[in-house]
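The values are calculated or read from the model by the stated rules, or taken from the named source; none is laboratory data. As the structure is a prediction and not an experimental result, all values here were calculated from the model. Cβ atoms come from the backbone with ideal geometry, glycine included; neighbour counts cover every protein chain shown. Surface accessibility is based on the protein's heavy atoms, side chains included, excluding ligands, DNA and RNA. Shrake-Rupley method; radii C 1.70, N 1.55, O 1.52, S 1.80 Å.
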Amino acid sequence: MPFLVAFPLAGILTGIAGVTVAIPALRLHGIYLAIFTLALSILMDDLIVLAEPITGGVAGKYMGGVEIFGHLVDRWGTPEQFFWLVLAVTVLVTLGYINLLRTPLGRSFIAVRDSEVSAQAMGIDIARTKTVSFALSCAVTGWAGALMGLYAGAFNNESFSVVISIQLLMMIVIGGLGSIHGAFLGAIIIGFLPQFLSIAKENVGALFGGSTVAIPGLEFGIFGMILIGFILFEPMGIYGRWLKIRTWFELFPFYRKDMFKRQKSYLKTERLR
Amino acid sequence: MSAPILSIRNIESFYGPIMAIRGVSLDVRPGQIVSILGANGAGKTTLMKTVSGVMDPEKGTITFDGEEIQGLEPHKIVQKGIVHVPEGREVFPLLTVNENLSLGAYTLHDKAQIERDREMVFSYFPVLKERRNQEAGTLSGGQQQMLAIGRGLMANPRIMLLDEPSLGLSPLLVQEIFGILRRLNDEQNMTMMLVEQNANAALELADHGYVMEVGRIVMDGPADVLMRSEDIQNFYLGVQEEGARENRRWKRKKTWR
Amino acid sequence: MTKAIRRLAAATALSALASMGWAETQGVTDDEIVIGSVNDLSGIFAAVGVPATKGANVVFDRVNANGGVHGRKIRYVVEDNGYQMPRAMQGYNKLLNRDKVFAMLQSLGTPMNLAGFKLLDPKGIPNVAPLSAARQMLQEPMKNKFTSFSSYYDQARVGVKYLAQEFGGDKVCTMYLPTDFGKEILEGSHEGAKEAGISFAAETTHKPDETDFVGSLSKLKEEGCDIVTMALGVRQVITVVGTAKKMGLDDMKFLGTSASFLTVVAQVPGGVTDGFYAAASWQDLWARADEPAPKAFIEEYKAATGEDPVGFSMLGYAAAEMMVKALEAAGPDLTHESFIAAMESLDYQDDLVGNHMTFGPDDHQGADTVYVNVVENGAWKKVHEE
Amino acid sequence: MSLLEFENVTLKFGGLTAVNDLSFSVEEGEVFAIVGPNGAGKSTVFNLISRFYDPFAGQIRFDGHDLLQVKPSGVAAYGVARTFQNIELFEHATVLQNLLVGRHRHRRTNLLSEVFFTRSARRQELENREKVEEIIDFLDLQAYRDKMIAGLPYGVRKVVEVARALATDPKLLLLDEPASGLSVEETTDMRWWIDDIRRQMGITVLMVEHDMGLVSGVSDRVLAMADGAKLALGTPAQVQSHPAVVEAYLGKAS
Amino acid sequence: MDNAQLLISGLANGCVYGLIALGFVLIYKATEAVNFAQGDFMMLGAFVTIGLTNTEYMGLPFWLALPISLGIMGALGYLLDRLIIRRLFGESQTAVVILTIALGFVIRFVAGLIWGHEPQTLENPLAGKEVRFGGLVLGMEDVAVIVVTVLLTWGLYVFFSKTKLGLAMQGASQNQLAAYYMGVPVKRVQGFIWGLAGVVAGIAGILFAAKGSVDPTTGLLGIKAFAAAVIGGFGSLPGALAGGLIVGVIEPFASRYIAAGYSQIAPYALLLAVLIFRPHGLFSQVRVKKV
């Protein structure tokens, strides 16, 4: 099957998979939904192994380059082409996303998030909205998976583990929750951080004249500390920091230090639905 | 006239960059009922929250019984005898009515006293007794309001801060609640600071009134004097000539603006 | 006949080498050789990757301190893959493009290695002694791939055969995690049962977070299993053996592979693991702590790192020694071709791991022996080799 | 035919009867108020119309449709909009976005045309915005158009909720305590707005309210409820002077 | 007979899940935050005790080490709240969730740094002893786990429902503002509960380390315990125990009777089934909001 057919199809199929997941998950909220999806991801691992004829089981599958209009796009052979392919997909998806957010469907997402009762009273079908959101996010993730496969060249049941899901979540936190900017900023940081750390590690090692001795888990440790730092000092992520800097310049010289100081706030139970 | 038990001087509070109260000063004397009137967003609730410590003031002092209490943690302020009765949605929804009342007496230790108080609350609000084993979240809006007031009474406060006790209550209940407040003031000499939209009832009950607009106190005086003021009558008591329909959008300028 | 063809191939390779003699080999400068590794330093196999890396560093530091190999210092760059595919790919990328490594040593993880081959093979970069005992480590093109030891498959196969002959069991069963590691051992157990002429009776599957094995052991008991091979996490192996003892399944022989062949497994307090078998492709370190080679290693490792070595430290050390030997044999004119030729010429007795390492043009697996060991009084004891 | 008909509706929660054999009807074009003590079942009537609860017995018809046959999200499609006693706005969105959500029942586009923002999607957005701006003008919300709900004062939120309900272009508007917590000044505004909603927009209004001044000022008919059942029904003056209503609800003074 | 054995060891194992789940529920019940590092706390508790007890480390007598390590764990829990979590007071619980996930990374890193990555077993007086009745065998550690878990669940249940402080904690989780209005020192109460959760994690860790062995990744068991808490209906203490027991019992029966390849997914499949049919767990703590 040509890539240009297979690729959209991948999104559609994962979208359908998203729908099948969404239907039983419709009545779930918060932690219940979180653990539901977590359990699913654990199950998925085993399903991939069980579905060996399709998935190649533990041995996994391999993916070479693909041809688009006669251009060979291969991670290893023609990295520039690969880059353009990924960039194009990312830009298109982001544009679609922005469009969605300014049209009825996108607004109904916000409505369902903030108040299910009044969304219903506005004529929004909660079940359908949630299902569509699952389908869309799964479809986009499916494309990401396809590109990831093209990037890694090989994938099996362990390629896409829970740890990656957690990492993705962390990306969003570091970038800034709930904004497209934040997602990109976070992805950039998380993408470069491991490489940056290992480079830094070598240089530090060289500085002290020692060898590049590895400390087990150092990266995750540092990663965790950076995250804790962000949540404590810049809960809005890098994007939030950027907004503050922008405000500072916009208002200069009228900026007050406590402009973003939070007044005490208090939580109420989320056990009422 | 006795010395004020609660005295607020030049308080300023912020929500982020927005100044919600801008230098408010007021006094409450022992045994007095003080009403604060004002439009929505004038800063009345913010003022109360600042007194009870759930918001920090940026400037100014709050003196209670000779001690400065501004910026103290809220539970310390409760221990000193200031109890804030929030509007009705602030009950503990998954606890029973009885448990809500017990928590009201959190700072007290005399078990017999607590049980007496509980019976007193039940006598004021019989419906709460009927529903004492029901989860508070399942009560109707008005019943939650009653529970919030009853819970405040359980703390045996020296001064009660009441935030819109009549919100969402039927006219009959509003009368009853204000009757209860009156009785508390008469029988137990309870000091109260009251924020109300129902200015009629509030001024009727109060000894002294303050009017807040956009974070400032713009007017104050004994309740009966305020009730006679033309501005108050126009803007807070709803006493206005039912003019011709054509004039209905015409708004009189408030003299203090 | 085949020999002639091979010689011809070697000759063409040589002439090809000569024709691009100026082409610089990546990762080699006048004073440095860069060796890379994509290892797990933080994920679920950190307990393997970390000591192995330290062991290798001990060797490289010593060699560097003594002036390096043919005047070149060795720089060993280890990337952490956290046992994740995308991280592994990033690691390979960095090593190949930024560090321009000459060869890879001790990359961990079967799927990660397999994916890495896609990058290594086109550049002909050698992958030496990967920390994976899967058979695919020597898949085609085999030219640039070298492993030290026999695969899990062979370990399970030989172990089952030994136990069958020794104790006359007639039913083999396998407890495994459904991963590449588990499947290898499962297949090896099947093959071992076939070769021993007994039957394969049952299998049970598990999750890495499973902590209770009463159910699966009852099932195996019900099926009448005599020999149980295990492809589980280390903690789980200990629990399984302990639980079986409690349940009184004394006739069941448990067999692990090199993945369970760890000193800690033998040293579990209370003799819980006594009587547990492990088929591995090297010999235990601490059981031979008094023999000269292990003793010297333990001392050197302790002096360099300040801690006691474990089995994987020994493997890392041995792999690095092998790398150094090959680099030395390749001579001062170091290219991939000269290195591969040197690797293929290696033939030495490694007293530390207790193996004879031989390579040849069609033998890229160093040691072929499988050692069957048993825990006795808190230590591993070798009972069989094949 | 009446616009909204309740016919012998009964609803029980566990052992508790929340609505007891209630019948009433709302005529097109009128302002109909429900009054009654706290816990009388007034909000429950609204929630029945919104289909949040299934009645135990009885019929609810709107504009000739059997309401009991539709899902909660289908009620809006018939032209019923509502506000909530405790304000249920979309907190983390702007006033404008809240109002645009109100337009959701008029959505003609599908997922694909929205993702690609096709001509029809663009045209629809323009129409929606136009309609919403009309309502913003009508309720004097210009100053708050791009403000987040989370930071707005209580009085403004109440108005925004009415605006959002109006954005759906309803035939029937349900207002649950529109004046509670409002100052006298704001209540007066609300009163004129309700009047305009009925007169200028031709929308029928059904409201629950405690402020008898507002109720008698704008409503044509009043239903007084107690314990889930009908206590009295008639003009504001009739109901206000009904002895049972005075005893259970209004008390001495009024 | 066979099944009785499966049941009883499943119960013992389920109690371990229940113990960790108790920690989750404790914090949730008092603060409505979810501490995703609870499993890592347990691992830490196990290692702290190993560090105090085992001969290769400090070699203290077990019964002396026990209170010390529980004290350390309690202090760690309290300090965590005091120094970190308290700064997030009043912020969305998502922040706490992500923070504790990150904290888990850090704890695993630190534990690996101190105690290494190889599995270790706690030297304890119960090791190797077992109880037999009829043909059933149960390790002494298993008996200890069951007894301690049941007592602890009962004790905490009484604490929450009968004592003033317990009531105050429940109130504080439902409405922080109102709790303050009642004079409940909400932050201090939360610090106390984090400390208590640390102690519970310590107990779980000690029992777990005595029963099997621990390494720095042991904390990932927390995911399964979290699932158990959710099955029970997050926020209910008896629910946590029930959920733990269900998961614990389903495991041995699944691996005994369900075909290989499928048996290991049984607990997760069960979790999905429970959530589909009872979206808020068996002992649901979620109510419908009145509008």
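Computed values, structure above
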{"read-out": "Cα-Cα pairs of the range D:89-165 separated by more than 14 Å (percent)", "value": "60 percent"}
{"read-out": "Carbon and sulfur %, accessible surface of the range D:136-224 computed with the full protein complex present, 1.4 Å", "value": "47 percent"}
{"read-out": "Phi to ³J(HN,Hα) by Karplus 6.51 cos²θ - 1.76 cosθ + 1.60 over the range A:236-253, Hz, x for Gly, Pro", "value": "7, x, 4, 4, x, 4, 4, 4, 5, 4, 4, 4, 4, 5, 5, 8, 3, x"}
{"read-out": "Computed over the range C:152-280, Kirkwood Rh from alpha-carbon pairs, angstrom", "value": "14.0 Å"}
{"read-out": "Rg ratio (alpha-carbon, reference 2.2 N^0.38 Å) - the range B:91-241", "value": "1.14"}
{"read-out": "Per residue, in Å², the accessible surface of the range D:89-165 once ligands and nucleic acids are set aside, probe 1.4 Å", "value": "46 Å²"}
{"read-out": "Drop in accessible area of at least 40 Å² in the complex versus isolated chain, residues of the range B:1-31, 1.4 Å probe", "value": "B:Gly16, B:Pro17"}
{"read-out": "Volume in Å³ per residue [convex hull over Cα atoms, computed for chain A]", "value": "215 Å³"}
{"read-out": "Cβ-defined net charge surrounding B:Arg182, 12 Å radius [Lys, Arg +1; Asp, Glu -1]", "value": "-4"}
{"read-out": "Net charge of neighbours whose Cβ lies under 9 Å from the Cβ of C:Ala304, counting Lys and Arg as +1 and Asp and Glu as -1", "value": "+1"}
{"read-out": "The range C:328-386 pair-distance distribution - Cα-Cα, 10 Å bins, rounded %", "value": "21, 36, 24, 13, 6, 0"}
{"read-out": "Residues of the range A:1-160: accessible area per residue with a 1.4 Å probe, Å²", "value": "46 Å²"}
{"read-out": "Surface share of carbon and sulfur [accessible, 1.4 angstrom probe, percent] for chain B", "value": "48 percent"}
{"read-out": "Residues with amide H under 5 Å from that of E:Leu136, placed H, sequence gap 5 or more", "value": "none"}
{"read-out": "With all protein chains modelled, accessible area of E:Asp2 [1.4 Å, Å²]", "value": "50 Å²"}
{"read-out": "Fraction of the pair-distance distribution of the range A:51-140 above 15 Å, Cα-Cα pairs, percent", "value": "72 percent"}
{"read-out": "Straight-distance crosslink candidates among aspartates and glutamates, where the alpha carbon sits under 13 Å from D:Lys230 and sequence neighbours closer than 8 are dropped", "value": "D:Glu7, D:Asp21"}
{"read-out": "The range C:230-305-the range E:10-38 distance, computed between alpha-carbon centres (Å)", "value": "33 Å"}
{"read-out": "1.4 Å probe accessible area per residue over the range E:1-121, in Å²", "value": "31 Å²"}
{"read-out": "Dipole axis of the protein assembly as shown (+1 Lys, Arg; -1 Asp, Glu on Cβ), positive-most option in C:Tyr348, C:Thr257, D:Thr109", "value": "D:Thr109"}
{"read-out": "Amide H within-cut-off set for C:Thr204, under 5 Å, with H built and near neighbours excluded", "value": "C:Thr174, C:Met175, C:Tyr176"}
{"read-out": "Exposure rank, largest accessible area first [E:Ser69, A:Ser165; 1.4 Å]", "value": "A:Ser165, E:Ser69"}
{"read-out": "Whole-percent pair-distance distribution, where bins are 10 Å wide, for the alpha carbons of the range C:72-204", "value": "12, 35, 26, 17, 8, 1"}
{"read-out": "Where Cα atoms sit under 24 Å apart: lysine pairs in chain B separated by 8 or more or lying on different chains", "value": "14"}
{"read-out": "List A:Val5, C:Val241, ordered by accessible area with a 1.4 Å probe, largest first", "value": "A:Val5, C:Val241"}
{"read-out": "Pairwise Cα inverse-distance average, inverted: Kirkwood Rh of chain B (Å)", "value": "19.0 Å"}
{"read-out": "Carbon and sulfur %, accessible surface of chain C computed with the full protein complex present, 1.4 Å", "value": "52 percent"}
{"read-out": "Cα principal axis extents for chain D, largest first, Å", "value": "61, 42, 33"}
{"read-out": "Near-label residues of the range B:20-45 by backbone N, under 17 Å of a point 7 Å along Cα→Cβ of B:Thr61", "value": "B:23-28"}
{"read-out": "Förster radius 30 Å - calculated FRET efficiency between E:Glu91 and E:Thr163, Cβ distance, rounded to 0.05", "value": "0.60"}
{"read-out": "Interface D:E - total buried accessible surface [probe 1.4 Å, Å², rounded to 100]", "value": "400 Å²"}
{"read-out": "Buried accessible area, chains A and E (both chains, 1.4 Å probe, Å² to nearest 100)", "value": "4900 Å²"}
{"read-out": "Contact surface E-C: accessible area buried, both sides summed, square angstrom, 1.4 angstrom probe", "value": "2800 Å²"}
{"read-out": "Shielded by partner chains, the range E:267-282 residues - at least 40 Å² of accessible area, 1.4 Å probe, vs chain alone", "value": "E:Tyr268, E:Leu272, E:Leu275, E:Ile276, E:Pro279, E:His280"}
{"read-out": "Residues in the range E:215-253 occluded by at least 50 Å² - accessible area, probe radius 1.4 Å, against chain by itself", "value": "E:Ile223"}
{"read-out": "Chain C: radius of gyration over Cα atoms, expressed as a fraction of 2.2 N^0.38 Å", "value": "1.01"}
{"read-out": "Largest-first ellipsoid semi-axes for chain E, taking √(5λ) over the Cα gyration tensor eigenvalues, angstrom", "value": "30, 25, 17"}
{"read-out": "Cβ-derived FRET efficiency at R0 25 Å, C:Ala293 paired with C:Glu386, nearest 0.05", "value": "0.70"}
{"read-out": "Quotient of C-alpha Rg and 2.2 N^0.38 Å, computed over the protein assembly as shown", "value": "1.05"}
{"read-out": "Built amide H within the under 5 Å cut-off of A:Leu267, gap 5+", "value": "E:Gly90, E:Gln176, E:Leu177"}
{"read-out": "Ranked order, B:His109, D:His210, A:His181 - accessible area, probe 1.4 Å, largest first", "value": "B:His109, A:His181, D:His210"}
{"read-out": "12 Å reach of a label modelled at C:Asp363, 7 Å along Cα-to-Cβ, counting backbone N of the range C:100-142", "value": "none"}
{"read-out": "Calculated FRET efficiency for the pair D:Ala229/B:Met120, C-beta based, R₀ 30 Å, to 0.05", "value": "0.40"}
